[in-house]
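Chemist: For reference, the structure I am asking about is given below.
Read the figures in this text as sums done on the coordinates, not as results from a lab. All values derive from a computational prediction rather than experimental measurement. So basically every Cβ, Gly included, is an ideal-geometry build from the backbone, and we count neighbours across all protein chains shown.
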Amino acid sequence: MSALPHDLPRYLPEEPWPPYAYRPGRHPHPTRDPLGHSHSAVGDETPAEPPEGWRQSHRYLRAIDLFNHGFAWEAHEEWESMWHRPVDSAQAEWLQALIQVAAASVQQSIDHQDGRVRLCHRALDHLRRVHERVPAVYMGLEVEPLRASIRAWALDATQRPVLRLEASAT
């Protein structure tokens, strides 16, 4: 896996990291295995916050922190909890794209490059469908640069995307 940048911001710095970043076949499954880091955790079943309320969305900001700092499976779980009850179809597509990007990162972490590429293309399909329905900056992220970074990662495993919230949006 490519190294993560050292200058990544933390959007929820008070939140502790999980004890390990889950890698299938290398660690206890976080929720199914009694030794997993989230075995007894209760999932968040509340609806997703409206897209314009992303700054107050603990799950969304936590997922970005987790993804950017190498906890892809854990980020996937956070976004998926929002995706189960989105505000609208555009937000559902957006969250599904982020879920696919996180899943691609998990595939890369276990050296499944074909899986990484396939999931990048799935994420791009979701972003293509949502692109014309959302503003240029959606839920704090610039849409077109995100799409470009996922396309680059599909071609080159060392180009893993980093999710940086817009400076004016934070």
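Chemist: Considering only His76, Gln108, Gly53, whose Cα is most displaced toward the positive end of the charge dipole of the stretch 1-113, charges sitting on Cβ of Lys, Arg (+1) and Asp, Glu (-1)?
Modeler: Gln108
Chemist: All other residues with a Cβ under 13 Å from the Cβ of Glu93 taken together, and with Lys, Arg as +1 and Asp, Glu as -1, what is their net charge?
Modeler: Summing Lys and Arg as +1 and Asp and Glu as -1 gives +2.
Chemist: Continuing with this model, one more query. For a footprinting-style exposure proxy, rank Glu15, Glu142 by other Cβ within 10 Å, fewest first.
Modeler: Glu15, Glu142
Chemist: Can you give the helix-only mean residue ellipticity at 222 nm for the chain, where every DSSP H stretch with n ≥ 4 adds -39500 (n - 2.57) and the sum goes over all residues, rounded to the nearest 500 deg cm²/dmol?
Modeler: -14500 deg cm²/dmol
Chemist: Taking 8 Å as the Cα distance limit and 6 or more residues as the minimum spacing, I'd like the relative contact order of the stretch 51-169 as a percentage.
Modeler: Rounded, it is 22 percent for the stretch 51-169.
Chemist: Once amide H atoms are placed 1.01 Å from N in the peptide plane, what residues at a sequence separation of 5 or more from Glu142, or on another chain, have their amide H within under 5 Å of its amide H?
Modeler: Glu166
Chemist: Next question, about the same structure. Using Cα springs under 10 Å in a Gaussian network model of the chain, which residue among Gly25, Gly115, Gly70 shows the largest mean-square fluctuation?
Modeler: Among Gly25, Gly115, Gly70, the largest mean-square fluctuation in the Gaussian network model of the chain belongs to Gly25.
Chemist: I've got another one for you. Using a Gaussian network for the chain with springs between C-alpha atoms less than 10 Å apart, which of these wobbles most: Glu78, Glu14, Glu132?
Modeler: Of Glu78, Glu14, Glu132, the most mobile in the Gaussian network model is Glu14.
Chemist: I've got another one for you. What list do you get for His76, His69, His37 if you sort them by fewest beta carbons within 10 Å?
Modeler: The order, fewest Cβ neighbours first, is His69, His37, His76.
Chemist: Only four residue types carry charge here, +1 at the Cβ of Lys and Arg and -1 at the Cβ of Asp and Glu. Report the dipole size of the chain about the Cα centre in Debye, rounded to the nearest 20.
Modeler: 420 debye
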